[in-house]
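Asker: Quick one: structure below, then a few questions.
The values are calculated or read from the model by the stated rules, or taken from the named source; none is laboratory data. Everything quoted here is computed from the prediction, not taken from an experiment. Neighbour counts run over all protein chains shown; Cβ positions are idealised from the backbone, glycine included. All accessible areas refer to the heavy atoms of the entire protein, side chains included, with ligands and DNA or RNA removed. Shrake-Rupley method; radii C 1.70, N 1.55, O 1.52, S 1.80 Å.
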Number of protein chains: 4
Amino acid sequence: MLKVAIIGGSGYTGGELLRLLEQHPSVKITAVTSERSKGKTVSSLFPNIKSCRLVFEPLKIKSVAKKADLFFLCLPHKASQEAVAYLHKAGKKVIDLSADYRLKEKTVYEKWYETRHKFPGLLKKAVYGLPELYREKIVNALIIANPGCYPTGAILGLAPIIGKRFICTDSIIVDSKSGLSGAGRNPVQSLMFSEANESVKAYAVTTHRHTPEIEQELSMLLGTKKKIKIIFTPHLIPMDRGILSTVYVRLKSKVSQSYVHKIYKDFYSKEPFVRVLEKGSYPATKAVKGSNYCDVSVFVDKRNPKKQSLIIVSVIDNLLKGASGQAVHNMNIMYGFDETAGLSSPSHFP
Amino acid sequence: MLKVAIIGGSGYTGGELLRLLEQHPSVKITAVTSERSKGKTVSSLFPNIKSCRLVFEPLKIKSVAKKADLFFLCLPHKASQEAVAYLHKAGKKVIDLSADYRLKEKTVYEKWYETRHKFPGLLKKAVYGLPELYREKIVNALIIANPGCYPTGAILGLAPIIGKRFICTDSIIVDSKSGLSGAGRNPVQSLMFSEANESVKAYAVTTHRHTPEIEQELSMLLGTKKKIKIIFTPHLIPMDRGILSTVYVRLKSKVSQSYVHKIYKDFYSKEPFVRVLEKGSYPATKAVKGSNYCDVSVFVDKRNPKKQSLIIVSVIDNLLKGASGQAVHNMNIMYGFDETAGLSSPSHFP
Amino acid sequence: MLKVAIIGGSGYTGGELLRLLEQHPSVKITAVTSERSKGKTVSSLFPNIKSCRLVFEPLKIKSVAKKADLFFLCLPHKASQEAVAYLHKAGKKVIDLSADYRLKEKTVYEKWYETRHKFPGLLKKAVYGLPELYREKIVNALIIANPGCYPTGAILGLAPIIGKRFICTDSIIVDSKSGLSGAGRNPVQSLMFSEANESVKAYAVTTHRHTPEIEQELSMLLGTKKKIKIIFTPHLIPMDRGILSTVYVRLKSKVSQSYVHKIYKDFYSKEPFVRVLEKGSYPATKAVKGSNYCDVSVFVDKRNPKKQSLIIVSVIDNLLKGASGQAVHNMNIMYGFDETAGLSSPSHFP
Amino acid sequence: MLKVAIIGGSGYTGGELLRLLEQHPSVKITAVTSERSKGKTVSSLFPNIKSCRLVFEPLKIKSVAKKADLFFLCLPHKASQEAVAYLHKAGKKVIDLSADYRLKEKTVYEKWYETRHKFPGLLKKAVYGLPELYREKIVNALIIANPGCYPTGAILGLAPIIGKRFICTDSIIVDSKSGLSGAGRNPVQSLMFSEANESVKAYAVTTHRHTPEIEQELSMLLGTKKKIKIIFTPHLIPMDRGILSTVYVRLKSKVSQSYVHKIYKDFYSKEPFVRVLEKGSYPATKAVKGSNYCDVSVFVDKRNPKKQSLIIVSVIDNLLKGASGQAVHNMNIMYGFDETAGLSSPSHFP
């Protein structure tokens, strides 16, 4: 049994890791930390997993480091920098769910997160943990930078066609709609039921920190020196979980619906967690809630004779494929477990 | 007191007309029809207006036509064509909430609605009932084609800048998120609580019938021969009411946030129902729910050095500013009532 | 125009008072206070009433006291004690939405609210502001103790029959289901959308502070020395507004459905805000949301041959009939305004 | 591998059976029928289980009967009568999720379901499939009458104390709050999102068909000739899944909280799916959503000196412990599988 620990486990991503890892056939959770909830039982914070016997311990990195071989970090960005560095130096493997090691360029990180990155050397070592793109690197990774929730849905929606000559890469728009668990578990007035229910709003227009992450990965996929710039607009909608991203891509030359659909089908043909829907089907977040799936559809808009467009719609569960499920997937790849181990339960409906 | 009748009053737009018109200081509802609910009391279908003493009568157009001077039509498209024509011939004024008289070109209507338009002459007489654009024509209109819900939010978001030289008109994208009352009151599996709750999905991608309506009005505003083509993607989100439209417009030349904001402020400075928010504020549908307001914000995205963009966000209550409230506003203009009569209640919060 | 002020106006009841009083034909809001939000505009906290030009001022009771003739107090319990006393001494009228002056017996207050009551003399002067029971006293009241939300629904459900010989008064059960706005606007983890959505739970079983308030009023209605004890169980359900109370009353002797229904109809025949539904109709909170109505139905359960029971179901909007709407109703009675002034808008549906 | 078939599988309970049985390590689904959806793929009706390759076939009982050894029946009541009888005669085992074989007395069934029962002999053979009460009988059962959703929560809440001398059995009240999936998947106006959202209502007061089922099982537990009569009031609240039942029981003699709590702890000490919460904890449906758990708490109300009461709160997921999960649990017992096989996933949170 692989010994794993969860650092900063009292939030929603921590809770989902606890649930998934407790069910996992090949791992044992040996520690879970939380500064705020130290001394409390896991079951008092997560009423769904009442049988869990773990108790939150304070984050004393030296002693915790000895307790496991693989560490899942659910710390706030900035706080994660140091913890990753320490654990890495101690010879441990790390899957970091914060944003601290996702952006390859130190300057980009420092501009968007408004803090210094003290470990630029580790930035290079860290592997961006999107299995559909980096499976081979993940196998031997020591540090996984687990992707953000919005980037996961956006990048999976674009990966099959981003390198194709028939698209324009200078006018991509990602319009995302997220449930409220994506905003975290800390009490904030705007996230209270009575404020967020029966409402939809955009936020962080042109300024959301997931923007450079999406751009970095699209630019990598493009494989040229060109730096892709996108427009990314997140919205909050009144539901617990799920992100739907509607992605708009202008076409340079005409393509048929069938042709594009086949590109997607082929690209994801061997992926266990990406389901390209049949032509004309619409993804709904309800179909992936509680599961690690990403459902994708692609549509060609031929109405504008001069400039046709692709409209791609992808859905994920932000806490699973967008966070903790993907982290477990990464672990499965790193340790040679069955890729779907602990992740095979489909969503319940309704 | 102006005598008004509501034709097809058992759905959500009919119910809101009943509520608004019962409270209106200058009108009296003399008849309300419903084929399906004939003989039933209004209060049995609308538990909110229990004091209403009206009973649904069957739609016998000849006898109903005698009962009022102004008719609000909430019939399905196609059925509305004939009723409008009859009432117009009988010398009555009509506010038609269906789509039958919104599209000026017969061929466009026939293509999108897959049915013949028998009264092309009336198409020309009908005035598109968006007060912010057509107030002067509405004053003397005999037939009002009351705008669709999505077009209202989209057009109000674009009207201030659509004729400006600094924008590109060939790549406008409207991404809209709607509550479920917009889909009507007829029982359909996909609209049931358990199916629609905790989910978001896109629908009618590239094929929604409000697309040509938005395009027609934007082209009119442009004032050239150019026919604007847009991409319009509607989504359903789990709430009763409200539409948020996120509109993307590429810029030809650079503009400042302040400059564009002032254009919006000036454009709507005298409008009683459009509120341009302060710079940096985000509209939320909750703030307009149950009211006739449209809240608008505009953002400049300067990240893409070659091509800057505007991102405009507008919110309305789909049943009020997007349907029945706008219909009452049109009536107020037609009859010289105070424009806000019967419409002055703000939303309750939360 | 009556000059009114709102003390502690940044929460949900304060917001509803601002909305209602701004629309009221006979009053002018001259001040609104909030310690936490001092200096902020009302419209920044309540996006629904953007046209409101008021700014929150700090609560300096001496200077605020000069600004109005009637004061609405939305302070936390305990804090309200002093403010009421000061304003009363200054010759002002007060409608107190806190619990501080609702319980007639000092000792009962002190036990349930775990704090001393410093003004027992004022407790006697204060009138319990439930117009259906105390209209005549309200006319001349100087201090109104505005009823709690749960008590309003429970008492209105029981008032018509509490004094009847055919019921048992020693086994009354009130099982209430409330939307989340009743729990206030302060950020608390358990009230966050992701925690409260898709869930129902009971809370404060046998210990909720509204229990003695309901018991006091039922005992008063009974008119004997007997002190009624009830079981009261509140629940939180995932919606913004509304309370449904299901009340169980054992019968001493058999009565018919029609007989009891007529008692309710007669009792409330002249009340503008209580609607006794037709036999067999079920109240729903949606029908009263945003309005000052209380809808009531009564059912006789004849299945238990030895002991029949009444099941009474009442619904209110907790922020209107359960708080701010009732406060405005009380003001209307105190100042001789039309009782429905500012409160005549029905709920919108859906 | 046990061969199982699902008869009437296009509704919510059918969908959950498909999901659970596809994941079950010891069974193979060999057929699923649906008259309405015959010819359609399972994945087209249940977007969560897209990998399922099954197609709905019409219900031709003769040919379907040959395909499996165990049959799950999700037919409407009345229709299930015949199908159970046929399959039983053909030597097959049956788990019937309808109400047709739950009531032991033919006359009671015929009165409440307003139809004749043609197979009174089978009524006696059928075992009420509540494992916590009838585990031993279930082992050898040929026909399982799978309990209703409300009865499951109510009976589990009462079973530990129904036979105790310290309670009154003539005044039990069960007040239940259910999510909307309990009302089925057929399109009905009152179940549409816009009608049911943001509302709570009682329904079927004194007349719900689950009443005699609860009464039968409580009377059985009591073990005397006395027939218990209860008051049962169901309510619909705006969420997908979950039932919370608040149960009121008068006490004949005083008991302490600790004493009663221990009775519950002991009664369920070996049950894999019933969790008695710690003293003072409140069950929430969110903690059991998507799982087969039933969480229970018990409170003693000592406020009424003459008559104390117990207040018991239980929560289940209506589609799992209240339907399909319990059916799988029954199968596990019948075939000697691990009782938690296929049912071990906890709820996800939030």
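Asker: Please work out if B:Ser291 is in contact with a Lys or Arg (Cβ under 9 Å, 6 or more places away or on another chain) and among the small types (Gly, Ala, Ser).
Answerer: Yes.
Asker: Further question: Regarding A:Gly280, is this residue within 11 Å of another protein chain (Cβ to nearest Cβ), touching a strand residue (DSSP E or B) at 6+ places or on another chain (Cβ under 9 Å) and free of Cβ contacts under 8 Å to residues at least 60 places away in the same chain?
Answerer: yes
Asker: In the set C:Leu103, C:Leu73, C:Leu122, C:Leu97, which member is surrounded by 18 or more Cβ atoms within 10 Å (Cβ to Cβ), of a type in the set (A, V, I, L, M, F, W, C) and without any contact (Cβ under 8 Å) to a residue 40 or more places away in the chain?
Answerer: Numbers: C:Leu103 fails: without any contact (Cβ under 8 Å) to a residue 40 or more places away in the chain; C:Leu73 fails: without any contact (Cβ under 8 Å) to a residue 40 or more places away in the chain; C:Leu97 fails: without any contact (Cβ under 8 Å) to a residue 40 or more places away in the chain.
The match here is C:Leu122.
Asker: Now a separate question. When you go through A:Val205, A:Val200 one by one, which is the residue that is aliphatic (A, V, I, L, M), farther than 18 Å from A:Leu133 by Cα, touching a residue at least 24 places away in the same chain (Cβ under 8 Å) and touching a His at 6+ places or on another chain (Cβ under 9 Å)?
Answerer: Within the list A:Val205, A:Val200, the selection yields A:Val200.
Asker: Return the pairs, sorted by first residue and then second, in which the second residue is among the polar types (S, T, N, Q) and assigned to a strand (DSSP E or B), the first residue lies in the range D:234-255 and is free of Cβ contacts under 8 Å to residues at least 60 places away in the same chain, the beta carbons are less than 9 Å apart, and the residues are 6+ apart or on different chains.
Answerer: Once the first residue is free of Cβ contacts under 8 Å to residues at least 60 places away in the same chain and sits in the range D:234-255, its partners that are among the polar types (S, T, N, Q) and assigned to a strand (DSSP E or B) give D:Leu236/D:Ser178.
Asker: What number of residues in the range A:125-142 are in contact with a His (Cβ under 7 Å, 6 or more places away or on another chain) and either open to solvent by less than 60 Å² (accessible area, probe 1.4 Å) or among the hydroxyl-bearing types (Ser, Thr, Tyr) (or both)?
Answerer: We begin by selecting, within the range A:125-142, every residue in contact with a His (Cβ under 7 Å, 6 or more places away or on another chain); these are A:131, A:142.
Subsequent filtering for residues that are either open to solvent by less than 60 Å² (accessible area, probe 1.4 Å) or among the hydroxyl-bearing types (Ser, Thr, Tyr) (or both) retains A:131.
Final tally of qualifying residues: 1.
Asker: D:Lys40: out of contact with any Pro (no Cβ under 9 Å at 6 or more places or on another chain), at pLDDT 95 or above, over 26 Å from A:Lys286 (Cα atoms) and open to solvent by 10 Å² or more (accessible area, probe 1.4 Å), yes or no?
Answerer: Values: out of contact with any Pro (no Cβ under 9 Å at 6 or more places or on another chain): yes; at pLDDT 95 or above: yes; over 26 Å from A:Lys286 (Cα atoms): no; open to solvent by 10 Å² or more (accessible area, probe 1.4 Å): yes.
Considered against the rule, which asks whether it is out of contact with any Pro (no Cβ under 9 Å at 6 or more places or on another chain), at pLDDT 95 or above, over 26 Å from A:Lys286 (Cα atoms) and open to solvent by 10 Å² or more (accessible area, probe 1.4 Å), D:Lys40 comes out as no.
Asker: Also, I was wondering about something else. Report yes if B:Ile161 is within 13 Å of B:Ala327 (Cα to Cα), open to solvent by less than 10 Å² (accessible area, probe 1.4 Å) and touching a strand residue (DSSP E or B) at 6+ places or on another chain (Cβ under 8 Å), otherwise no.
Answerer: It is false that B:Ile161 is within 13 Å of B:Ala327 (Cα to Cα), open to solvent by less than 10 Å² (accessible area, probe 1.4 Å) and touching a strand residue (DSSP E or B) at 6+ places or on another chain (Cβ under 8 Å).
Asker: Quick one: C:Gly15 ticks every box in (1) touching a helix residue (DSSP H, G or I) at 6+ places or on another chain (Cβ under 6 Å); (2) within 23 Å of C:Asp317 (Cα to Cα); (3) of a type outside the set (Asp, Glu) except a single one, so which number is it?
Answerer: (1)
Asker: Checking the condition modelled with pLDDT under 95 and either open to solvent by 30 Å² or more (accessible area, probe 1.4 Å) or more than 25 Å from the chain's Cα centre (by Cα) (or both), which residue from B:Lys62, B:Lys50, B:Lys28 passes?
Answerer: Answer to the check: B:Lys50.
Asker: Give the range A:319-350 a look and list any residue that's surrounded by 22 or more Cβ atoms within 10 Å (Cβ to Cβ) and at positive phi, or say none.
Answerer: Hit for the range A:319-350 is A:Gly342, nothing else.
Here is a yes/no grid of residues against (1) modelled with pLDDT of 95 or more; (2) buried (at least 21 other Cβ atoms within 10 Å of the Cβ); (3) touching a Leu at 6+ places or on another chain (Cβ under 8 Å):
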{"site": "A:Ala145", "(1), (2), (3)": "yes, yes, no"}
{"site": "A:Gly148", "(1), (2), (3)": "yes, yes, no"}
{"site": "A:Phe166", "(1), (2), (3)": "yes, no, yes"}
{"site": "A:Leu180", "(1), (2), (3)": "yes, yes, yes"}
{"site": "A:Glu195", "(1), (2), (3)": "yes, yes, no"}
{"site": "A:Ala202", "(1), (2), (3)": "yes, yes, yes"}
{"site": "A:His208", "(1), (2), (3)": "yes, no, no"}
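Asker: Follow-up question, since we're still on this one. What pairs can you find where one residue is in the range B:322-350 and facing chain C (nearest Cβ under 10 Å) and part of a loop (DSSP other than H, G, I, E, B), the other is surrounded by 24 or more Cβ atoms within 10 Å (Cβ to Cβ) and among the β-branched types (Val, Ile, Thr), and their Cβ atoms are less than 6 Å apart, with a gap of 6+ or different chains?
Answerer: Qualifying pairs under 6 Å: B:Ser347/B:Val288.
Asker: Right, another one. Kindly indicate whether any position in the range D:124-135 is of a type in the set (Asp, Glu) and more than 13 Å from the chain's Cα centre (by Cα).
Answerer: The initial filter retains those residues of the range D:124-135 that are of a type in the set (Asp, Glu), namely D:132.
Imposing the further condition that a residue be more than 13 Å from the chain's Cα centre (by Cα) reduces the set to none.
Looking through the range D:124-135, none of the residues is of a type in the set (Asp, Glu) and more than 13 Å from the chain's Cα centre (by Cα).
Asker: Which of (1) among the charged types (D, E, K, R); (2) part of a loop (DSSP other than H, G, I, E, B); (3) away from chain A (no Cβ under 14 Å) does B:Asp170 not meet, given it meets every other one?
Answerer: Result: B:Asp170 fails condition (3) only.
Asker: Quick check on this structure: which one of B:Lys306, B:Lys254, B:Lys262, B:Lys270 is surrounded by fewer than 21 Cβ atoms within 10 Å (Cβ to Cβ), part of a helix (DSSP H, G or I) and out of contact with any strand residue (DSSP E or B) (no Cβ under 8 Å at 6 or more places or on another chain)?
Answerer: Residue meeting the stated conditions: B:Lys262.
Asker: Same structure again: Identify, from the list A:Ser26, A:Ser44, A:Ser63, A:Ser51, the residue that is of a type outside the set (Val, Ile, Thr) and under 22 Å from A:Lys321 (Cβ atoms). Lay out the reasoning, then the answer.
Answerer: Working: A:Ser44 fails: under 22 Å from A:Lys321 (Cβ atoms); A:Ser63 fails: under 22 Å from A:Lys321 (Cβ atoms); A:Ser51 fails: under 22 Å from A:Lys321 (Cβ atoms).
Exactly one of A:Ser26, A:Ser44, A:Ser63, A:Ser51 is of a type outside the set (Val, Ile, Thr) and under 22 Å from A:Lys321 (Cβ atoms), namely A:Ser26.
Asker: Let me ask something else about it. Any idea how many residues of the range C:173-206 are aliphatic (A, V, I, L, M) and not in a helix (DSSP H, G or I)?
Answerer: Quick first cut of the range C:173-206, residues aliphatic (A, V, I, L, M) only: C:173-174, C:180, C:183, C:188, C:191-192, C:196, C:200, C:202, C:204-205.
After this cut, where a residue has to be not in a helix (DSSP H, G or I) as well, the list is C:173-174, C:188, C:192, C:200, C:202, C:204-205.
Within the range C:173-206, residues that are aliphatic (A, V, I, L, M) and not in a helix (DSSP H, G or I) number 8.
Asker: Another one. State yes or no: is B:Lys286 within 8 Å of another protein chain (Cβ to nearest Cβ) and part of a loop (DSSP other than H, G, I, E, B)?
Answerer: Criteria not met by B:Lys286.
Asker: Something else: Looking at B:Lys225, B:Lys201, can you tell me which residue is under 21 Å from B:Lys104 (Cα atoms) and among the basic types (Lys, Arg)? So that I can check it myself, show each step before the final result.
Answerer: Values: B:Lys201 fails: under 21 Å from B:Lys104 (Cα atoms).
Going through B:Lys225, B:Lys201 in turn, just one is under 21 Å from B:Lys104 (Cα atoms) and among the basic types (Lys, Arg): B:Lys225.
Asker: Suppose we filter the range D:183-217 for residues that are more than 9 Å from every other protein chain (Cβ to nearest Cβ) and basic (Lys, Arg); how many remain?
Answerer: Number satisfying all stated conditions: 1.
Asker: Here is a further query. Any idea which of (1) within 10 Å of another protein chain (Cβ to nearest Cβ); (2) assigned to a loop (DSSP other than H, G, I, E, B); (3) open to solvent by less than 10 Å² (accessible area, probe 1.4 Å) is the one C:Asn292 doesn't satisfy?
Answerer: (1)
Asker: Still on this structure, please answer the following. Assigned to a loop (DSSP other than H, G, I, E, B) and buried (at least 19 other Cβ atoms within 10 Å of the Cβ): is that true of D:Ile228 in this structure?
Answerer: Here the answer is yes, as D:Ile228 does meet what is asked.
Asker: For the range D:78-94, name all the residues that are touching a residue at least 24 places away in the same chain (Cβ under 8 Å) and open to solvent by 60 Å² or more (accessible area, probe 1.4 Å).
Answerer: Residues satisfying the conditions are D:Lys78, D:Glu82, D:Tyr86.
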